[in-house]
Amino acid sequence: MKILVYGQIRDNLLEENLLGILNKLSEVFQGSEIYAAILGSQINNEWTGELGKHGVKKVYTVEAPELENYLSRPYVKSMLEIIEKAEPTLVMAAGTVFGEDLIPRLAVHHGVSCAQRVVNITLEGEDILFHTPVRDDQAMKITKIEGVIKFATSRTGAFFENENPSGSAPEIEKVEISFDADDMVVKHVEVRKAERTVNLKDAKLIVAGGRGVGGKDNFQILKDLAELLGGEIGATRACTDVHWIEETYEIGQTGQSVSPDIYIAAGISGAPQHLSGVKAKTFIAINTDEGAPILKYADYGIIGDLLVILPLLKKKLE
Amino acid sequence: MKIIVFIDQIVSTQVKLQGVDYFDPSKVNEDDLVINPTSKNAIEGALKLKDSLEATVTAVCVRGLKPIKALREAIAMGCTDAIEIADEILYTEDPLLLAKIYVDVLEKFGDFDLVFLGVEEQSTSSYAVGAMLAEKLGLPSVLYAEEMETIDSGFQVGHVLEGGRNIVTIPKKALISVSDSQYFTPRYTSMRGILTAKRAEIPSWTAADLGLSTGVAGKEAASLQQVSLTNIVIERESYIINEGEPEEMVDKLLAKLKEDEVKLGA
Ligand SMILES: Cc1cc2nc3c(=O)[nH]c(=O)nc-3n(C[C@H](O)[C@H](O)[C@H](O)COP(=O)(O)OP(=O)(O)OC[C@H]3O[C@@H](n4cnc5c(N)ncnc54)[C@H](O)[C@@H]3O)c2cc1C
């Protein structure tokens with residue numbers, strides 16, 4: 001069996017979730033050949049080398065100025081061409097914003113559906129089963145795809161990379177593709193990068209706030225508690241989007257990944273995109289809504305108003 | 001300018017149903033049914049343009065136990081009109097089939113400029129309908145939009161991106177999938193809107209009206225087949241304090257942490 005992965009490049013590096021996918025794929029589909037596709041305006045040998053190390057046998061590359069930034073049409077066009085050459089049974093990408101844009105479109109061109117954000121892949125007879133959490137991770141849906149080629153993305157953070165990869169340099173096949181004006185109707189303007197001024201990776205304790213914090217000034221309550229406990233603060237995208245707190249504090253799929261001993265989540269509902277960035281030994285949640293999904297992940301929880309609970313907690317700890 | 005918003009109706013996350021029960025119609029009350037939160041974000045995106053570009057906004061609901069309820073709310077928010085698509089044969093769990101149904105709705109609808117929809121977190125959780133629909137229609141598109149502004153050639157849109165926000169421009173005829181952000185914070189329904197909604201005549205289209213049969217839009221046509229759906233059981237003993245005065249609650253938490261030898265802070 002042949003498998004093709006989309007070798008997404010992010011900030012000049014291979015997307016980190018790709019290595020986890022490669023590890024998972026070689027575990028589940030032993031004896032299969034794994035290929036990768038890298039698209040860009042300039043392809044770096046280090047990327048292809050790293051893919052080889054992680055078990056990729058062959059890398060298809062497309063180099064063109066039009067591929068400098070991800071745009072659906074030129075990327076779909078290139079990937080369709082590569083799929084035709086590689087003849088894979090399974091095409092996978094990391095479930096990043098761009099991976100999730102690409103995979104369903106490729107599936108449409110092959111007349112099939114796709115499975116997004118899978119957290120596990122298993123085999124049952126001839127069938128490949130895709131495990132996807134649904135409804136705020138309350139239920140697990142297992143699906144299979146009818147069709148010659150199956151298309152899927154993994155949820156970011158779902159799979160772990162092989163710490164001791166031993167693959168060798170892959171074969172490289174350069175693919176030429178030409179683009180026309182119609183491919184470039186959507187135009188890239190810029191990436192507004194969140195300034196990463198604070199690194200939360202090594203924080204031992206994080207007091208994180210969500211929309212329930214209610215405003216910019218209230219973040220001071222979280223800062224005070226974090227300071228007292230020698231920790232850092234964090235936030236959901238809902239808070240950084242409204243500039244209640246600097247973007248550097250965003251935690252989750254599109255923010256920082258953290259693994260503190262203690263994570264205090266205040267006024268956070270528990271969206272999978274947020275939680276996929278949090279691995280904590282002890283999880284404490286404060287939420288007014290008893291039904292909030294976050295409480296399922298909490299070791300400890302208080303159903304109450306964070307604006308009351310957090311100051312009290314601080315007072316008692318002083 | 002004609003704008004179409006495809007909305008989903010879901011079981012509110014506020015009700016105490018858990019896991020698979022959400023998907024069991026016999027356990028769901030009509031009161032529990034709400035517009036998918038990101039569908040509301042999508043409605044807001046459309047309504048902002050209705051105000052600034054004198055557009056008409058038509059809400060369409062295919063997924064839901066009582067679409068008409070969601071559509072009345074959409075009109076109460078400010079949508080010009082609405083169309084209900086209701087037919088038992090339509091299978092909407094497969095994003096490709098749902099996208100196909102949307103294509104046929106648009107065909108019957110006629111001329112349109114912009115298509116809005118929300119992220120499917122709480123509904124199909126497929127995260128694929130927007131991209132599939134755009135691809136089927138050959139429409140330029142942007143997914144997970146967080147902000148947009150009108151420019152001469154169309155729109156400049158900022159969307160969610162790992163590590164920040166990505167800014168692109170799209171032409172006037174396009175598809176936008178909208179995520180939960182400040183810019184797209186949904187407005188409340190107005191008194192006048194509620195009255196309009198009450199009186200509004202909402203046409204209901206069936207599969208036959210769209211020229212769809214079970215063979216093409218029913219469960220048997222799905223390429224994504226559900227093998228099982230089970231509750232996720234998290235093996236974690238949660239100690240949740242849901243009673244008492246705030247001070248008692250905090251004391252209880254601290255006592256329990258001490259008992260479990262969990263140290264807060266250094
Ligand atoms: C592609 C994509 C990527 C994303 N990446 C990320 C990411 O990396 N990180 C991220 O965080 N989000 C991300 N998001 C957004 C994510 O889907 C959610 O919208 C977001 O995490 C919700 O934030 P929240 O929990 O703060 O807000 P909400 O979901 O609105 O929850 C607020 C919570 O606060 C509670 N509350 C309200 N008032 C109080 C009070 N006074 N006291 C206590 N509790 C209260 C409410 O009950 C509720 O549970 C992404 C979205 C997309 C589409």
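The values are calculated or read from the model by the stated rules, or taken from the named source; none is laboratory data. Note that the structure is predicted; figures quoted are calculated from it, not measured. Here the Cβ positions follow ideal geometry from the backbone for every residue, glycine too, while neighbour counts run over all protein chains shown. Protein only, heavy atoms only, side chains kept; ligands, DNA and RNA dropped before computing areas. Shrake-Rupley method; radii C 1.70, N 1.55, O 1.52, S 1.80 Å.
Checking the condition within 17 Å of the chain's Cα centre (by Cα), within 12 Å of the ligand (Cβ to nearest atom) and surrounded by fewer than 22 Cβ atoms within 10 Å (Cβ to Cβ), which residue from A:Val258, A:Val242 passes?
Numbers: A:Val242 fails: within 17 Å of the chain's Cα centre (by Cα).
On inspection, the qualifying residue turns out to be A:Val258.
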Look through the stretch A:275-297, keep the residues that are assigned to a loop (DSSP other than H, G, I, E, B) and more than 10 Å from the ligand (Cβ to nearest atom), and return whichever of them is farthest from B:Lys258 (Cα to Cα). A:Lys279
Counted residues, the stretch B:106-126 - those being open to solvent by less than 20 Å² (accessible area, probe 1.4 Å) and within 17 Å of the chain's Cα centre (by Cα): 11
Within the stretch A:211-264, how many residues turn out to be under 27 Å from A:Ala158 (Cβ atoms) and basic (Lys, Arg)? 2
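Hey, can you tell me all the residues within the stretch B:75-100 that are assigned to a helix (DSSP H, G or I) and within 13 Å of another protein chain (Cβ to nearest Cβ)?
So the first thing to find is which residues in the stretch B:75-100 are assigned to a helix (DSSP H, G or I), and the list is B:75-77, B:95-100.
Hits for the stretch B:75-100 are B:Pro95, B:Leu96, B:Leu97, B:Leu98, B:Ala99, B:Lys100.
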Considering every residue within the stretch A:193-208, establish whether at least one is within 16 Å of the ligand (Cβ to nearest atom), assigned to a strand (DSSP E or B), within 30 Å of A:Gly231 (Cα to Cα) and small (Gly, Ala, Ser). yes
Just one of A:Glu318, A:Glu290 is more than 8 Å from chain B (Cβ to nearest Cβ), over 22 Å from the mean Cα position of the chain (by Cα) and open to solvent by 10 Å² or more (accessible area, probe 1.4 Å); which is it? A:Glu318
Check on A:Glu247, within 26 Å of A:Tyr60 (Cβ to Cβ) and either within 14 Å of chain B (Cβ to nearest Cβ) or open to solvent by 60 Å² or more (accessible area, probe 1.4 Å) (or both): no
Among the candidates B:Leu106, B:Leu47, B:Leu71, which residue alone is closer than 24 Å to A:Gly111 by Cα, touching a residue at least 24 places away in the same chain (Cβ under 8 Å) and part of a helix (DSSP H, G or I)? B:Leu106
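Answer yes if at least one residue in the stretch A:266-274 is of a type outside the set (Lys, Arg), touching a residue at least 24 places away in the same chain (Cβ under 8 Å) and more than 8 Å from the ligand (Cβ to nearest atom), and no otherwise. Steps first, answer last, please.
Start the filter on the stretch A:266-274 by keeping residues that are of a type outside the set (Lys, Arg), which leaves A:266-274.
If we keep only those that are touching a residue at least 24 places away in the same chain (Cβ under 8 Å) as well, we get A:266-274.
This time we only want the ones that are more than 8 Å from the ligand (Cβ to nearest atom), so: none.
The answer is no; no qualifying residue exists.
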Residues located in the stretch B:207-237, provided they are of a type in the set (S, T, N, Q) and open to solvent by less than 50 Å² (accessible area, probe 1.4 Å): B:Ser223, B:Ser228
In the stretch B:135-184, how many are farther than 18 Å from A:Glu190 by Cβ, at the interface with another protein chain (Cβ under 9 Å from one of its Cβ atoms) and open to solvent by 20 Å² or more (accessible area, probe 1.4 Å)? 5
Do we find a residue being on the phi < 0 side of the Ramachandran plot, of a type in the set (Ser, Thr, Tyr) and free of Cβ contacts under 8 Å to residues at least 40 places away in the same chain anywhere in the stretch A:83-106? no
When you scan the stretch A:215-239, how many residues do you find that are within 14 Å of chain B (Cβ to nearest Cβ), in a loop (DSSP other than H, G, I, E, B), within 12 Å of the ligand (Cβ to nearest atom) and over 27 Å from the mean Cα position of the chain (by Cα)? 1
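What do you reckon, is A:Glu163 surrounded by fewer than 21 Cβ atoms within 10 Å (Cβ to Cβ), within 8 Å of chain B (Cβ to nearest Cβ) and of a type in the set (Asp, Glu)?
Working: surrounded by fewer than 21 Cβ atoms within 10 Å (Cβ to Cβ): yes; within 8 Å of chain B (Cβ to nearest Cβ): no; of a type in the set (Asp, Glu): yes.
Against the criterion (surrounded by fewer than 21 Cβ atoms within 10 Å (Cβ to Cβ), within 8 Å of chain B (Cβ to nearest Cβ) and of a type in the set (Asp, Glu)), A:Glu163 does not qualify.
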